[in-house]
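Visitor: Dumping the structure here so I can ask a few things about it.
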Amino acid sequence: MITGKTKITGVIGHPIEHSMSPPMHNNAYKQLNMDYVYVAFHVQPENIEKLINSSKTLDIKGLNVTIPHKTTIIPYLDEIDETAEKIGAVNTIQFKNGIAKGYNTDGIGAIKSIQEHTTLQDKNILIIGAGGASKAISFTLINENINSLTIANRSQNNAENLINNIKKQTEFTNINYQQINNVDEILNQTDIIINTTPIGMYPNHQVKPPIKTDNINNKHVVMDIIYNPLETQLLKQAKENGATTINGTSMLINQGLESFKIFTGKEATYESFEEALLGQLKK
């Protein structure tokens, strides 16, 4: 029951009706018997400047941030986590003692998902795409003692901007660009493949994978951050070739669990998030 003591958390976006976060967080609050509620807030871009002060006034404890506010929110925060600053995007805001601090849990979510299946130590990793998710995952991966990172993207300029940004802000240098149509040439030197593009997302789930899959085999781990459908064409073909596959629900859940911990100081179970998410996806 919501009372005057109930603490408020939520997610902001434009649009926001599609968000899977409220069911996941609220199910965890219920299972942990916590007096919290998680709400989706539709915030127009022109109102983003007002959001931080409004949240402080309403004593909101934390907010997740989704498209299109992940970068435009940054100038209005009081503090920003070092990794989020390097990425240039925030997906989580903690409100504590009058301070609004931004974090980015997308990269952590991806890494935890991969580590459930394999180690990242000394691995050669291929990331498909150079957008926001690619930035978050790339900047987080390079702190995990990987051997190399390759960015494959349709736009070479966008990929090289990301690569140069990483080289300028970190000491990691073993990072290169690969033309997306020629990715199959380097797959025999690749251990982990991560798709961060929307290619294969519902309702366009029958399109060809973003890369050729002929040279994917049982030595590869293939992750797709898309969670609808649960098995994209990329994952389906990779699995048929013997690869270990990871769908997008794992990253979505793990990044949400990190946000939950930032908001509340407590840890929710993976199962509490997964149960709610899969229930929504089946609908």
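What follows is calculated from the coordinates using simple rules that are stated; it is not laboratory data. For clarity, every value in this text was computed on a predicted model and none was experimentally measured. Using ideal geometry, Cβ is built from the backbone for each residue, glycine included, and neighbour counts are taken over all protein chains shown.
Visitor: For an R0 of 51 angstrom, estimate the FRET efficiency from the Cβ-Cβ distance between residue 47 and residue 174 and round to the nearest 0.05.
Guide: 0.75
Visitor: Per the Kirkwood treatment, what hydrodynamic radius in Å, one decimal, follows for the chain from the mean inverse distance over all distinct Cα pairs?
Guide: In the chain this quantity evaluates to 19.5 Å.
Visitor: For the chain, with only Lys/Arg (+1) and Asp/Glu (-1) charged at the beta-carbon, what is the dipole magnitude about the Cα centre, in debye rounded to 20?
Guide: Roughly 440 debye for the chain.
Visitor: With a cut-off of at most 13 other beta carbons within 10 Å, and DSSP calling the residue loop, which chymotrypsin sites (Phe, Trp or Tyr not before Pro) in region 157-242 qualify? Please list them.
Guide: Passing both the DSSP loop test and the Cβ count: no residue.
Visitor: Report the gain in length on full extension from residue 269 to residue 143: 0.36 nm times residue separation, minus Cα-Cα distance, nm rounded to one decimal.
Guide: 42.8 nm
Visitor: In vacuum, with every alpha carbon of region 166-205 counted as one equal point scatterer, what does the Debye formula give for log10 I(q)/I(0) at q = 0.26, 0.29, 0.35 Å⁻¹? Two decimals, please.
Guide: -1.03, -1.06, -1.13
Visitor: What's the local net charge at residue 130, with K and R +1, D and E -1, over the other residues with C-beta under 13 Å away?
Guide: +1
Visitor: Continuing with this model, one more query. Compare the peptides 42-52, 126-136, 257-267 by average per-residue count of other Cβ atoms within 10 angstrom and give them in order, highest first.
Guide: 126-136, 257-267, 42-52
Visitor: Express in whole angstrom the spacing between the alpha-carbon centres of region 1-22 and region 49-68.
Guide: 11
Visitor: Computed from the mean reciprocal separation of all distinct C-alpha pairs, what Kirkwood hydrodynamic radius does region 107-246 have, in Å?
Guide: After inverting the mean inverse Cα-Cα distance, the result is 14.8 Å.
Visitor: About the Cα centre of region 21-109, what is the dipole size in debye to 20, counting +1 per Lys and Arg Cβ and -1 per Asp and Glu Cβ, all else neutral?
Guide: With only Lys, Arg, Asp and Glu charged at Cβ, the dipole is about 200 debye.
Visitor: Can I ask one more? Relative to a virtual label point 7 Å from the Cα of residue 165 in the Cα→beta-carbon direction, which members of region 73-112 show backbone nitrogen distances below 11 Å?
Guide: 85-90, by backbone N distance to the label point.
Visitor: If you add up the charges near residue 263, with Lys and Arg at +1 and Asp and Glu at -1, over every other residue whose beta carbon is less than 12 angstrom from its beta carbon, what do you get?
Guide: Neighbour charge sum, excluding residue 263 itself: +4.
Visitor: What FRET efficiency comes out for residue 5 versus residue 118 if R0 is 35 angstrom and r is the Cβ-Cβ distance? Round to the nearest 0.05.
Guide: In this case the efficiency is close to 0.20.
Visitor: Another one. Would region 1-50 count as rounded, prolate or oblate if I go by the C-alpha gyration tensor, calling it rounded below 1.5 in a/c and otherwise prolate when a/b exceeds b/c, oblate otherwise?
Guide: It comes out oblate by the Cα gyration axes.
Visitor: Using a simple spin-label model with points 7 Å from Cα along the Cα→Cβ vector, what separation in nm is obtained for residue 154 and residue 261?
Guide: It is 3.7 nm.
Visitor: Between region 205-283 and region 85-158, how far is it from one alpha carbon centroid to the other, in angstrom?
Guide: 15
Visitor: Under 11 Å from the Cβ of residue 247, count the other residues' Cβ atoms, weight Lys and Arg +1, Asp and Glu -1, and hand me the total.
Guide: Within the 11 Å Cβ shell, the charges total 0.
Visitor: Additional query: Work from the charge dipole of region 107-246 (Cβ charges, +1 for Lys and Arg, -1 for Asp and Glu, about the Cα centre) and give the residue of 119, 131, 229 farthest towards its positive end.
Guide: 131
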